[in-house]
Amino acid sequence: MIIPTAKQIKEIDAFTISDEGISSIDLMERAAYSLTDAITSQWSTSTPIVVFAGPGNNGGDALAVARMLICGGYAVKTYLFNIASRISADCKEEAERLKSLGEGHLTEITSTFEPPELSADTLIIDGLFGTGLSRPLEGGFATLVRFINSTGCTVVSIDVPSGLMCEDNSSNNLESIVRASLTLTFQFRKLAFMFDENEMYVGKLKVLDIQLSSSKINSTSTPYEYIEADYIRELFKPRVNSGNKGTFGTAMIVAGQYGMAGAALLAGSACLRSGCGKVMVHTPLLNNNIIQIGLPEAIIHHDYNEKRFCNPISSDTRFDAICIGPGIGTHTDTSRALYDQIRRTRCPLVLDADALNIIARNKEWLDFLPAKTIITPHPLEFQRLTDCKNDGYSRLKVAQELSESHELIVILKGHHTAICLPDGRVYFNSTGNSGMATAGSGDVLSGIIVSLLAQHYQPSVAALIAVFLHGKAGDLASSTLGEYSITASDIVNNISNSFRDLLNM
Ligand SMILES: NC(=O)C1=CN([C@@H]2O[C@H](COP(=O)(O)OP(=O)(O)OC[C@H]3O[C@@H](n4cnc5c(N)ncnc54)[C@H](O)[C@@H]3O)[C@@H](O)[C@H]2O)[C@@H](O)CC1
Ligand SMILES: [K+]
């Protein structure tokens, strides 16, 4: 599903109204029905409800929900903030409809507001601002948001937590954003929801289908997409029954300085579990026994150095894709070897972990990375690499620029990992959980990517499939072990289930 900008949402909204013969107030009512349905399925009529409505259509939605809840037997108090005497036409109409239920349901605030006493079990419905927010909240609205956040009550935000911009929050006033427990958003995830630091505002997210025009949605051009199983499934090539191990390619993994052999084991075993024909692990001599024993299916390719990657692989060695980085350390010898290895590499390449830390100290190397190289930084690695600002939007913009200018595939790891492609598109992943934020998880991802590259998947496709499968394997691990107890090995152990689940095998 696409992730449109707030401006595009407005256009889709307007097209639905003009082309599908539905009035804006009826579209608002349709949206309010689905909101009410989501609320009543979770909270009973014994829950006291307080609704805060703003001056735009987000406020209109909130007023319609208040009316529907009252009609459903809920005790609801509603406050409409009409400070500047400029409320939208549909918000005004919804206020009239609510008033028509009788006295006392609606309090209109036109100047100062005395916050009510709220019992701990009160459910707050936040309909102050949605996609129409044009600047950070300040003054009375900022005070109101701070009040809402201080109550300790459960908060349901309509469409967007009030105060959160749909895209860029790098200059927002973070104290003036509602911290929702649940956000009921219309039709599309918003770009800001994809950034880890905004999870504290969005809370749990539920997307409500309000049947906006599908033809307009399909013709809306946006670089951002949220990818789910159906999309990924279509990217798979069938496996040829007559294939031999040569058909499915040879992956080379350069990993594990002495003391970090686990990184090589994890990347290697993930690679073997992801379908490639042969896995070679280039690793220092002292890792020999542990890798032979831990990964009997892999072929060990020794570095002459006992402890670290020092000798680039000879160009006589045949392999179809190479991954460099898990646990290799950042020693100057390794740095020199990495330089030579990148310079001589002609096949698809994945760079992860310490390889990225070395490049962060030699940023000019970015200029000669082969086209379509995949890099897989977590936020800190990316910051070291680019000196970008620390918020999700700024980071994404820098990643997009880097991807386009250097023709790289940048996998920005996070809860919704972003895969930035050189043509400007960005895909956000839908699988994964907090349990995967554990040592070695990234090594597993690199192993899956290089396996798919060795099977001759295009780098962009390999990146998309690998990120999805990796997250899914983590979700399957968490379904039996729980998010607290997952280890990177558990992710590896669930790669096969992840394939089976995705491909309905
Ligand atoms: N997209 C859709 O298809 C639908 C949208 N609906 C609702 O409509 C909302 C968008 O409505 P609007 O475009 O009216 O926008 P909002 O209701 O989000 O807010 C717009 C109002 O807020 C004011 N405003 C903006 N920033 C402000 C600030 N910092 N301080 C004070 N005032 C500020 C604007 O001047 C305007 O009066 C959505 O979030 C959603 O809740 C629904 O009614 C159903 C359909
Ligand atoms: K809201």
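Things worth noting here:
- A protection proxy built from the mean count of other Cβ atoms within 10 Å ranks the segments 412-424, 48-60, most packed first, as 48-60, 412-424.
- Compared with the dominant Cα axis of the chain, that is its longest principal axis, helix 6-19 is turned about 60°.
- With the charge dipole of the chain set up from +1 on Lys and Arg Cβ and -1 on Asp and Glu Cβ about the Cα centre, the Cα lying farthest toward the positive end among the listed residues Ile491, Cys91, Pro326 is that of Pro326.
- Beta bridges from DSSP with both residues in the chain: antiparallel share about 10 percent, rounded to the nearest 5.
- Modelled spin-label separation between Glu225 and Arg344, with each label point placed 7 Å from Cα along the Cα-to-Cβ direction: 3.8 nm.
- Averaged over residues, the count of other Cβ atoms within 10 Å places the peptides 200-209, 262-271 in the sequence 262-271, 200-209, highest first.
- Taking the DSSP bridge list for segment 250-503 and keeping only pairs wholly inside it, about 20 percent are antiparallel.
- One chain, two ends: Ile109 and Glu364. Fully extended at 0.36 nm per residue, the span grows by 86.0 nm beyond their Cα-Cα distance.
- Under-5 Å amide H pairs with Met260, H placed in peptide plane, nonlocal only: none
- Think of it as helices only: each DSSP H run of n ≥ 4 in the chain is worth -39500 (n - 2.57), and spread over all residues that comes to -12000 deg cm²/dmol at 222 nm.
- Working note: Debye formula, equal point scatterers on the alpha-carbon atoms of the chain, no solvent; log10 I(q)/I(0) at q = 0.13 Å⁻¹ is -1.13.
- Extension gain, His301-Arg239: 0.36 nm per intervening residue step, less the Cα-Cα distance, totals 19.6 nm.
- Mean Cβ count within 10 Å, highest first, over the residues of peptides 309-318, 162-171: 162-171, 309-318
- Alpha-carbon centroid distance for the pair segment 134-196 / segment 325-380, whole angstrom: 39
- Inter-part distance where segment 299-324 and segment 432-450 are each reduced to a Cα centre, Å: 23
- Of Leu369, Gly414, Leu266, farthest towards positive along the dipole that unit charges on Lys, Arg, Asp, Glu beta carbons give segment 250-503: Leu369
- Separation in nanometres of the label points that stand 7 Å from Cα toward Cβ, at Ser170 and Ser215: 3.9
- Distance from the Cα centroid of segment 240-279 to that of segment 12-40 is 51 Å (rounded to whole angstrom).
- Computed from point charges on the beta carbon alone (+1 for Lys and Arg, -1 for Asp and Glu), the dipole magnitude for segment 19-172 about its Cα centre is near 360 Debye.
- In summary, the convex hull built on the alpha carbon positions of segment 6-226 has an orientation-averaged projected area of 11.7 nm².
- Using a Förster distance of 35 Å, the FRET efficiency for Thr317-Glu407 (Cβ separation, nearest 0.05): 0.85
- Square roots of 5 times each gyration tensor eigenvalue, C-alpha, segment 250-503, largest first, Å: 24, 23, 16
- Amide H contacts for Lys77 (H built 1.01 Å from N in the peptide plane; partners 5 or more residues away or on another chain; cut-off under 5 Å): Ile49, Val50, Val51.
- Charges were assigned to the Cβ only: +1 to each Lys and Arg, -1 to each Asp and Glu. The resulting dipole of the chain about its Cα centre is roughly 1300 debye.
Read-outs throughout are calculated quantities, based only on the coordinates presented, and are distinct from any laboratory measurement. None of these values were measured; they are calculated from a predicted model. Reconstructed Cβ throughout: ideal geometry from the backbone, glycine too, with neighbour counts over all protein chains shown.
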